Each structure stands twice: as C-alpha cells, then as structure tokens.
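Taking it in order: structure first as structure tokens, then the write-up.
The values are calculated or read from the model by the stated rules, or taken from the named source; none is laboratory data. Quick caveat, the model's predicted, so the values are computed rather than measured. Glycine gets a Cβ as well: all are built from the backbone with ideal geometry, and neighbour counts include every protein chain shown. Calculation scope for accessible area: heavy atoms of the full protein, side chains included, ligands and nucleic acids excluded. Shrake-Rupley method; radii C 1.70, N 1.55, O 1.52, S 1.80 Å.
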Amino acid sequence: MSNALTGHEVVRIFEKWSPPSLAVEGDRIGLMVGSLDNQVNRIVTALDVTEAVLDEAIEHQANFILAHHPLLFRPLKTIDLQTPHGRIIHKALSHGITIYAAHTNLDIACGGVNDMLAEALSLTNVTVLAETYAEDLKKLVVYVPRTHVDILRGALGEAGAGHLGSYSHCSFNSEGIGSFRPLKGSNPYIGESGVQEFVEETKIETIVRASQLSNVVSAMTKAHPYEEVAYDVYPLEQKGESYGLGRIGELSSQVTLSELAELVKKAYDVPTLRLIGNPNKIVKRVAVLGGDGNKYVQTAMKKGADVFITGDIYYHTAVDAIEDGFSLLDPGHNIEKIMKKGVAKKLSHLLTEAGYTIETISSQINTDPYQYV
C-alpha cells in the first residue's frame, strides 16, 4: 500500500476504535480546524491544543493534531487574532495543520481514556461505571449452497459477525433445499433461465452488531456465489456490549485511602491531590473517571465503590461525600494526559495494521493550568 495518507483516512482508521456514535449528545468532536483532504506527514497526540502544543507540532513538522479536549468547545462568534483561540486557528491554518478532537467518545471507547486510567492502577474485574450506550444487535440469516458454506462462514466471521462475549465466528447451521427459477436476463451461478432449480443449501444464522451490519453484508455478498443473495435481518431484544463513562474495579489487595492516594500520584504523575474522607479507611473497590466527575459520585456509591477518583470536585460535593461516609480522591482534570502516550501507541498500531508508516508523537507540553506551591 502507498504511504500517502490523508486526514480522512486517519479519521476513518481512528474512528473504528473510537466511533463518534459513542460521544455524549452535544459533545463537540471531530474536525476543529483545517482540512481532512490534506496528506498527513506526522501526527501529534495532545490533551489540549495550546499555542505551545501547536509550536511543538510545527517543530516536529507534524501537520495533524489529534486532541482530547476540543479546541472549539464553545462556538466562536468571531476569529479575533488578538485572542488565544484566534492566534491558534491562524497559526494552524498558516502551517497547514489539521486539528481533530475525540472527547467523550475517546473517554468511553474500549481501551480509551477511562480504561487507561483503570489499567494504570492495575484494577481487575473492571466494568463500566455509568452506562451511556448499549449496542443494538441484529440476527443475520443467509442461505448458501453447501459447496460454499465454509467460505461464507469465514467471510462473515472475519467481517465481525458472530461475536458472543469471548467467542468469535459463532453461527447456527441447518440444512435444507432452496428453490428458484432464473428469469430472462439473469446470470445464475446454478441453473438455467426459465427452469425451476432445487439446490442443497445451508442456512447460516449469526449475530451482528448494528454498527457492523453494512460491512458484514458487504463481505457476505462478495463471498457468496449467487447473483442474488437470499438473506434476512432481524432486530433482537437483547443488547450487545455496554459502553459508558468511568470504570469500576478492584485493587489487587486492600490498602488505606492514604496509601491509595500515593499510588494514584505515582500512576497518574501528579505532584499532589485532594483527599476527601478518612485517610485510614480501608479501600479495595475503586471507581475512576477522567475529567469532571461530580455528577457521578452517587453512581459510584450505588455501584459499591469504596472510593471514587475523579477531577474538579466541588466544595459542596466533598462536604456531602463526607456526610455520606464516602471517600473521594481528586488528582485533577489533567490526569487525562494519560491519553497522549496511550493514543499515540494505539493509533500507531492501527495505522501500521492498515499498511501506513506514519510517525505518531505524544505531546511533551504540560498543559496543566495549575501550579502547586
């Protein structure tokens, strides 16, 4: 494959992992500045897009920035070059740099920001803290001559059909007789025009995630020998994988809240944090959510967490938590910087799998607005 890579292709590959459909309604994600038509030379992953981050990209001759926090979170009424946003937009356009943001979809994605935060603490038995989306499932039924059963089953499985928990390529197969009469102008794989045909066929039934249905059907029709493929798609009541904000899991062993605080500082590379609760409380079940998690404190409590780790805790939220006997650790919003290396590594792997050799760099700029004195 050619190493020529456009922004459209970068986004297509990235969004297979972190689809926009996962984002919370109203979240401003996607293209912020520039054009996806341009060829991408080098990619920088960043938590925030500041002028210093932009200068870093220019120094590395990178022309695509994949950021977590949207540059244009609030709509602009003007582009004033005397303002920080105006200067960033002007500089990005002047240097042909495209800025793209993946926010809550990257938080929610499997292996995304919240999974990175949970993994950094070595949490086990990890599940979603606050469900935001459960994937719809479809039943796909297709009829194929017995000579092509293995070929078609393989194509369906490779396209993503038949995934149940930790199993792939799942299907149910039953034998029967298919009948049809090719009409004038047809080009049948089996039979002659105007003659009723009876063919030994296998009925393959499998499960497909709704988001993958079009790709699976496309793979099915390519692998099927018939000119017209007979198949059915049914909606299912059961839901597929659950997605959501935050994660909850267990530490390998019990520790005190103050001991966990030290682990958190090391895992998330922060100099200090705010501890709410009894420092000597024994904790094991931990909830974590990157960014501002104030409205999920009650969710963490109901899910049985001993402690909730999140940023931007409000004063009255902290007071209420103490009254409830619940513990909080606030290492700040900036712990989401964990995504810089995590996304650079993941995206580099995805691009390599797709046949591209484009360097992906994690920003080294510290965009934490707070100084600790």
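Filtered by the rule that a residue be open to solvent by less than 70 Å² (accessible area, probe 1.4 Å) and touching a Gly at 6+ places or on another chain (Cβ under 9 Å), segment 145-190 gives P145, L156, S168, C170, S171, F180, P182. Restricting segment 26-51 to residues that are closer than 18 Å to L347 by Cα and small (G, A, S) leaves a set whose member that is surrounded by the most Cβ atoms within 10 Å (Cβ to Cβ) is A46. Do we have S174 as under 30 Å from L117 (Cβ atoms) and of a type in the set (G, A, S) here? Considered against the rule, which asks whether it is under 30 Å from L117 (Cβ atoms) and of a type in the set (G, A, S), S174 comes out as no. Among the residues of segment 113-122, is any within 14 Å of the chain's Cα centre (by Cα), surrounded by 15 or more Cβ atoms within 10 Å (Cβ to Cβ), β-branched (V, I, T) and under 20 Å from L351 (Cα atoms)? Yes, segment 113-122 has at least one match. The condition of being polar (S, T, N, Q), modelled with pLDDT of 95 or more and within 15 Å of L72 (Cα to Cα) holds for only one of T45, T50, that being T50. Residues in segment 186-206 that are acidic (D, E) and within 43 Å of the chain's Cα centre (by Cα): E200, E201, E205.
Scanning segment 212-257 for residues that are touching a residue at least 40 places away in the same chain (Cβ under 8 Å), in a strand (DSSP E or B) and open to solvent by 80 Å² or more (accessible area, probe 1.4 Å) turns up Y231, Y234, P235, Q238, K239, E241, S252.
Listed here are the residues, each with its yes/no results for (1) buried (at least 20 other Cβ atoms within 10 Å of the Cβ); (2) not in a loop (DSSP other than H, G, I, E, B).
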{"position": "V10", "(1), (2)": "yes, yes"}
{"position": "V24", "(1), (2)": "no, no"}
{"position": "V53", "(1), (2)": "yes, yes"}
{"position": "E56", "(1), (2)": "no, yes"}
{"position": "K91", "(1), (2)": "no, yes"}
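Out of L275, L289, one residue alone is hydrophobic (A, V, I, L, M, F, W, C) and touching a Lys or Arg at 6+ places or on another chain (Cβ under 9 Å). It is L289.
Checking each residue in segment 349-365 for being surrounded by 19 or more Cβ atoms within 10 Å (Cβ to Cβ) and in a helix (DSSP H, G or I) picks out only L351. Remark: L31 matches the filter, which requires a residue to be part of a strand (DSSP E or B) and either over 24 Å from A130 (Cα atoms) or among the acidic types (D, E) (or both).
For segment 73-87, a residue qualifies if it is free of Cβ contacts under 8 Å to residues at least 40 places away in the same chain, closer than 15 Å to L31 by Cα and of a type in the set (A, V, I, L, M, F, W, C), and exactly one does: L76.
Filtered by the rule that a residue be surrounded by 15 or more Cβ atoms within 10 Å (Cβ to Cβ), closer than 30 Å to T367 by Cα and touching a strand residue (DSSP E or B) at 6+ places or on another chain (Cβ under 7 Å), segment 264-282 gives V264, L273, L275, I276, G277.
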